[in-house]
Amino acid sequence: MKDLIYLGLISSIILCVLSVNGIDIANPTSASTFTCLKNNGNTFAIIRAFRSTGVLDPNAVTNLNNARSVGFTTDIYMFPCRGKDATSQVNTMLSGVPNNLFTTVWLDVETNPSSGCSWSGYSATSNCDFLMALINGVTGHGKSVGIYSSLSQWQGIFGSSSACPAAAKAPLWYAHYDNVQAFSDFKAFAGWTAPKMKQFAGDVTVCSADIDKNWRP
């Protein structure tokens, strides 16, 4: 029994060591602010590179350079406009952000309030085709791709929790603001049975910056 308890403690310690915290951010952020965020226990940053209106985020490159200059590993996220061509949007983003500044492009699949950019008004099949065009556009540039979404958003955009399963070949970053750094709340959808990362708190202020908090094991 003592051996089992000891092994359990060792496993818990290893999991804590391997688990990492990170942020995603959209606003212009200085290197000094990123330093503060890093000192608060964050090791990775996901920077907005494409805005919901369907245009390149002009702050992306500066934010990426600032984050990397203080030791963050970096990815980018894309908030696509459903009313514009998927491939053209990917090309615009990846031509504007040097590919050595990030590893993965995370596609933000959620309700888009920007004018002319909503997923509503299209069929579920058409929305899936649009998402697959985004995925293929990113991988066509030789970059890794992931999906940011949640069960409720997926159902709203694609009509059911099981729709568009081809997208589930990409890793999932899901959102659930329960302030818990664990996947115990996760409910499978679209083909994902396990996520890659969790956004566990949103729109919080840390180091005077508006961020979302993320965790991955």
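The values are calculated or read from the model by the stated rules, or taken from the named source; none is laboratory data. Because the structure is a prediction, the values reported are computed rather than measured. Cβ coordinates were reconstructed from backbone atoms using ideal geometry, including for glycine residues, and neighbour counts include every protein chain displayed. Quick note on the areas: whole protein, heavy atoms, side chains included, nothing else; ligands and nucleic acids left out. Shrake-Rupley method; radii C 1.70, N 1.55, O 1.52, S 1.80 Å.
Is there a residue in the stretch 35-55 that is touching a Phe, Trp or Tyr at 6+ places or on another chain (Cβ under 8 Å), in a loop (DSSP other than H, G, I, E, B), modelled with pLDDT of 95 or more and of a type in the set (Ser, Thr, Tyr)?
yes
Do we find a residue being at pLDDT 95 or above and over 16 Å from Ser150 (Cβ atoms) anywhere in the stretch 184-193? First the steps, then the outcome.
Narrowing the stretch 184-193 to residues at pLDDT 95 or above: 184-193.
Now restrict to residues that are over 16 Å from Ser150 (Cβ atoms): none.
Checked against the condition, which is being at pLDDT 95 or above and over 16 Å from Ser150 (Cβ atoms), the stretch 184-193 yields no hits at all.
Please enumerate the residues belonging to the stretch 47-60 that are farther than 17 Å from Ile157 by Cβ and open to solvent by 20 Å² or more (accessible area, probe 1.4 Å).
Within the stretch 47-60, Arg48, Arg51, Thr53, Val55, Leu56, Pro58, Asn59 meet the criteria.
Which pairs have Cβ atoms under 6 Å, sit 6 or more apart or on different chains, and link a residue in the stretch 20-32 that is touching a residue at least 60 places away in the same chain (Cβ under 8 Å) to one that is assigned to a loop (DSSP other than H, G, I, E, B) and open to solvent by less than 50 Å² (accessible area, probe 1.4 Å)?
Close Cβ pairs satisfying both conditions: Asn21/Gly41.
Which numbered condition trips up Thr104, out of (1) of a type in the set (Val, Ile, Thr); (2) within 18 Å of Cys164 (Cβ to Cβ); (3) in contact with an Asp or Glu (Cβ under 7 Å, 6 or more places away or on another chain)?
For Thr104, the exception is condition (2).
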